[in-house]
Structure formats: C-alpha cells, structure tokens
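J.: Structure provided below as structure tokens; questions to follow.
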Amino acid sequence: MIHDLISEFAGELSAIRHDLHMHPELHFEEFRTSKIVAGELGKLGFVVTTGIAGTGVVGTLVKGSSARAIGIRADMDALPIHETSNLPYASRTAGKMHACGHDGHTTMLLGAARYLAKTQNFDGTVHLIFQPAEEDISGAKRMIEEGLFKRFPCDAVFALHNIPGDEAGQISVRPGAITAAVDIVEVTVQGLGGHGALPHMAADPIVAASGVVLALQSIVARNVDPHDPAVITVGAFNAGGLATIIPGEAHLNIGVRTCSKGTRDLIRKRIESLVNLQAKAFGCEAQIIYNPGISYPPGYNTPEHAELVRDVAIELGQDPARIDLRGPYMFSEDFAFMQEVVPSCYFCLGNGNSRSLHDSAYDFNDELLIKGPEFWGKLVERFLKAA
Ligand SMILES: [Zn+2]
Ligand SMILES: [Zn+2]
C-alpha cells in the first residue's frame with residue numbers, strides 16, 4: 001500500500017521539512033535548500049541537473065520504454081517575514097521565514113521521489129522540478145527562459161499549493177481558470193498648479209484624478225463578461241498637501257486582478273483609454289506605467305489534466321462533491337508561466353486549521369508529508385501507466 005510505504009519514511013521527511021524551516025532562504029538565494037534537494041535526489045538514483053535559474057534543480061527518473069513525460073513542480077523560497085511561532089524548529093534567521101509552506105512543498109516532492117525510486121511502478125520519464133523564487137520575481141519564468149521545457153520536455157506539468165482552512169489533505173481543483181493575474185498600474189495626472197482662490201488659472205489634477213477613479217468603476221460593471229471574475233482596486237490616491245494650494249499632479253496606484261488573457265487585455269485597453277480621456281477632459285495630461293515589475297499571468301488548467309487530478313483524489317478516497325472549486329482563486333502564482341507553455345494543472349491541498357499563508361505564526365501541516373507524496377505517487381502512476 002502506497003500509504004504504508006510513505007508512512008515508513010514520514011519521520012525522515014518531517015526532519016527534512018523542519019531543517020528547511022529553520023533555514024529559510026529568499027528568492028534566488030536558495031543555495032542551501034537547493035544543495036539538500038540535489039543531494040537527496042542523487043542518493044535516490046535520479047539524474048540531477050542543478051543551476052537552472054541559479055538555484056533551480058531538476059531530478060529525472062526514467063523507467064521502461066514509453067516516450068511520455070510528466071513534470072511536477074515544487075517551490076523552495078521563503079519570505080522576508082520575522083517568524084513569531086515559537087516552534088522548536090522556528091526560523092534561525094531573523095526577518096526570514098517559510099510563511100507560505102514552500103518548505104513543505106519541497107519536502108512533499110522529495111517524499112514522492114523516495115516513493116517513485118523505491119517502487120518504479122511507471123513507464124516513462126518523471127521530471128521533478130524544484131524552482132527558486134515563486135514569490136514576486138518569478139523563478140518559473142527564469143527557468144523557462146533558461147530552457148527548462150526544451151531540456152526536459154513534459155507532456156504535462158503539475159503543481160500544488162497548501163491552503164489553510166481546508167481539511168488537511170483535501171484536494172481542490174477545477175478545469176479552466178485557476179489563479180488570477182495581478183497587474184499593477186501607476187498613473188500620474190499632470191495638471192497645472194496654482195492658488196486655491198484662482199481655480200480658473202489652474203488645471204486641477206485632483207478633480208481630474210477623481211474623475212479617473214469613478215470612470216474606472218465602469219470597467220468591471222459595463223465592459224467585462226460577468227462570468228469572468230475581475231477586480232480593479234485603486235489602492236492609493238496621493239496629491240496635494242494644503243487646503244489653499246492646487247497641486248501640480250496627482251498619483252494613483254491601481255491593482256488589477258483577472259482570470260483570463262482576454263479580460264486582462266480588455267481591461268488594460270479600457271484603463272489606458274479612460275485615464276487619458278478623463279485627464280484630457282479636465283485639461284490635464286496622464287502618464288501610465290503598466291506593470292513596473294514582473295506581473296504573473298492568469299493560471300489555466302487544461303480540462304483533461306484537472307480531470308486526472310480529480311480522479312486521483314477520488315481514488316484516494318476523497319468526496320467528489322468537495323473537490324470541485326466553483327471559481328478560480330483570486331491570488332496569483334508564477335506556475336502560471338509554466339501553464340502558458342505546457343498543458344498543466346494547479347490545485348490546492350488543505351493545510352487544516354492553521355494560521356493564514358504569509359502570517360508570521362503560520363506553519364505547514366506535517367500530516368501532508370504523507371498525503372502529498374501519496375498523491376504525487378498515484379498521479380505519476382496514472383499518468384505513466386505501466387503496461
Ligand atoms: Zn506566498
Ligand atoms: Zn506560496
């Protein structure tokens with residue numbers, strides 16, 4: 001039984017997880033983590049490739065003669081958060097912690113590696129992808145740019161994230177849209193400053209930017225398909241300082257979340273048009289910077305692979321009614337970059353009743369160190385079914 005087999009090394013897996021938790025490393029600095037991962041994979045007989053996107057690692061195991069290949073991705077980076085958990089294995093580095101459970105994701109995939117190396121009950125190629133920098137600056141994007149899927153072609157690629165609040169081990173998945181894109185838009189409305197008593201000699205950027213804020217509310221309400229979720233939030237509005245002065249400019253910071261490429265492109269066009277025309281209508285000019293940093297695209301699950309994840313969850317005894325997600329998650333994930341180029345499925349695994357992700361007292365649930373590898377093991381065996 002897969003469960004009993006994995007239970008045998010559960011103690012060793014939690015020791016690895018606690019060690020990673022004590023030694024968190026931020027994006028593209030996962031040197032120690034990457035070395036531990038490469039060492040474990042090497043011991044198990046995987047062909048190990050290091051140095052992709054700096055600290056990224058790929059472990060490859062080939063069995064039989066099938067040309068089919070599956071990729072499974074785990075992320076390795078921690079966050080710049082100071083841990084307040086008081087756990088015996090709490091972070092030993094002030095200001096850094098595994099507050100998103102990537103220590104657990106990495107360890108679950110190492111657990112799957114052990115199971116697969118031991119049982120070898122598949123026909124084809126398994127690529128286990130350990131990526132740096134999921135948070136903010138996209139290690140996935142850099143791995144792809146450095147030839148990830150050219151060097152390790154995959155028929156499909158899978159990834160999961162733990163999710164607090166859902167019962168430990170509960171799988172949640174849906175076909176189609178699964179995670180949101182987040183775009184950041186910086187707007188400067190340039191007016192003509194002046195004396196508060198002489199508005200006719202100025203072009204007031206506060207009034208113009210207020211017009212922009214109200215006009216933006218019409219995009220989701222009037223332009224976007226109601227079945228395709230989107231959120232536009234003006235999170236910052238900065239201008240002026242004194243009641244007697246009309247300032248020269250006003251600044252807006254806008255966050256845009258969308259779940260499809262079509263709506264993402266549509267909203268961008270509408271924002272550019274409304275901002276420019278509104279500013280002009282009030283005698284001002286606008287400058288727009290769309291995405292000053294890297295923005296993550298929307299994640300899309302190919303129906304066939306979402307179905308496979310669902311089937312494996314059912315095979316492992318989960319209630320079908322609880323697996324199906326009604327709508328996509330509105331957070332973003334850099335796995336979406338992989339989803340743009342390879343058929344794929346991203347899903348969530350319940351972390352039980354834990355603190356929230358990115359909370360300074362969050363901890364990954366060690367129960368998943370059995371449930372996660374069990375799922376990955378079954379998925380590989382289904383995807384690369386031995387004759
Ligand atoms: Zn995170
Ligand atoms: Zn995360």
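The values are calculated or read from the model by the stated rules, or taken from the named source; none is laboratory data. For clarity, every value in this text was computed on a predicted model and none was experimentally measured. Please note: Cβ atoms are built from the backbone with ideal geometry, for glycine as well, and neighbour counts cover all protein chains shown. Accessible surface areas use protein heavy atoms only, side chains included; no ligands, DNA or RNA. Shrake-Rupley method; radii C 1.70, N 1.55, O 1.52, S 1.80 Å.
J.: Quick one: dipole size for region 322-369, taken about the Cα centre, charges +1 on Lys/Arg Cβ and -1 on Asp/Glu Cβ, in debye to the nearest 20. Walk me through the numbers on the way to the answer.
T.: On the way: 3 positive and 8 negative charges, 46 e Å.
About 220 debye.
J.: Could you name the lysines whose alpha carbon sits less than 21 Å from that of residue 371, not counting residues in the same chain fewer than 8 places away?
T.: 118, 385
J.: Which helices, taking whole DSSP H runs in the chain, have alpha carbons extending 27 angstrom or more along the helix axis plus mean Kyte-Doolittle at least -1.0?
T.: Numbers: long enough: 261-281 (30 Å, -0.61).
Span-like helices, by this rule, are 261-281.
J.: Let me ask you something else. According to the square roots a ≥ b ≥ c of the eigenvalues of the Cα gyration tensor, what is the shape class of region 1-70, taking rounded for a/c under 1.5, prolate for a/b larger than b/c otherwise, and oblate for the remainder?
T.: On the way: a/c = 2.60, a/b = 1.13, b/c = 2.30.
Verdict is oblate for region 1-70.
J.: Rolling a 1.4 angstrom probe over the protein heavy atoms, how many square angstrom per residue are accessible across the chain? Please list the in-between numbers first.
T.: Details: 16220 Å² over 387 residues.
Using a 1.4 Å probe on heavy atoms only, each residue of the chain averages 42 Å².
J.: Okay, moving on. Out of all DSSP beta bridges with both ends in the chain, state the antiparallel percent to the nearest 5.
T.: Values: 46 of 65 bridges.
In the chain, approximately 70 percent of DSSP beta bridges are antiparallel ones.
J.: Further question: Please give every one of the lysines within straight-line cross-link reach of residue 150, meaning a C-alpha to C-alpha distance under 17 Å, and leave out same-chain neighbours fewer than 8 residues apart.
T.: Hits, sequence-local ones excluded: 141.
J.: I need the trypsin sites (Lys or Arg not before Pro) found in region 293-373, filtered to DSSP loop residues with at most 13 other beta carbons within 10 Å of theirs.
T.: Working: sites: 310, 322, 326, 355, 371; in loops: 326, 355.
Counting only loop positions with at most 13 other Cβ atoms within 10 Å, the trypsin sites (Lys or Arg not before Pro) in region 293-373 are 326.
J.: Amide H to amide H, which residues 5 or more places from residue 74 or on other chains are under 5 Å from it, using H placed in the peptide plane?
T.: It is 129, 130, 131, by chain and number.
J.: Heavy atoms only, probe 1.4 Å: what % of the accessible area of region 21-97 goes to carbon and sulfur, would you let me know? List each step's numbers first, then the result.
T.: Working: 1880 of 3310 Å².
Here it works out to 57 percent.
J.: Okay, next question. Give me the percent of accessible area attributable to carbon and sulfur for region 301-385, probe 1.4 angstrom.
T.: The value for region 301-385 is 47 percent carbon and sulfur by accessible area.
J.: Ignoring the sites themselves, what is the longest stretch of the chain with no GluC sites (Glu not before Pro) in a DSSP loop and at most 16 other beta-carbon atoms within 10 Å?
T.: 168-366
J.: A further question follows. Who wins for biggest fluctuation among 330, 201, 108 in a Gaussian network model of the chain, springs between alpha carbons below 10 Å?
T.: Ranking 330, 201, 108 by mean-square fluctuation puts 201 first.
J.: Could you compute how much accessible surface residue 251 exposes when probed at 1.4 Å, giving the result in Å² to the nearest 10?
T.: About 70 Å², rounded to the nearest 10.
J.: Report, to the nearest whole %, how much of the accessible area of region 125-219 belongs to carbon and sulfur atoms, 1.4 Å probe, protein only. Working shown, then result.
T.: Details: 1980 of 3390 Å².
That share works out to 58 percent.
J.: For the chain, what class follows from the C-alpha gyration tensor (a ≥ b ≥ c being the square roots of its eigenvalues): rounded when a/c is under 1.5, otherwise prolate if a/b is larger than b/c, else oblate? If you can, show how the numbers build up before the last one.
T.: Numbers: a/c = 2.45, a/b = 2.01, b/c = 1.22.
Prolate, because a/c is 1.5 or more and a/b exceeds b/c.
J.: Let me ask another. How big, in percent, is the set of alpha carbon pairs in region 91-235 lying more than 22 Å apart?
T.: Details: 7005 of 10440 pairs.
Value for region 91-235 (Cα pairs over 22 Å): 67 percent.
J.: Still on this structure: Between rounded, prolate and oblate, where does region 312-387 land on the alpha carbon gyration tensor, with a ≥ b ≥ c its root eigenvalues, rounded for a/c under 1.5, else prolate if a/b exceeds b/c? The partial results should precede the final answer.
T.: Numbers: a/c = 1.69, a/b = 1.25, b/c = 1.35.
Verdict is oblate for region 312-387.
J.: Under a 10 Å cutoff between Cα atoms, tell me which one of 214, 266, 110 has the largest fluctuation in the Gaussian network model of the chain.
T.: Looking only at 214, 266, 110, the biggest GNM fluctuation is shown by 214.
J.: Could you size up the charge dipole of the chain around its Cα centre, putting +1 on the beta carbon of Lys and Arg and -1 on that of Asp and Glu, and report it in debye to the nearest 20?
T.: Values: 32 positive and 45 negative charges, 128 e Å.
Around 620 debye, computed over the chain.
J.: Also, I was wondering about something else. Compute the convex hull volume of the Cα atoms of region 218-346, divide it by the residue count, and report the result per residue in Å³ as a whole number.
T.: Numbers: hull volume 19.6 nm³, N = 129.
Cα-based convex hull of region 218-346, divided per residue, equals 152 Å³.
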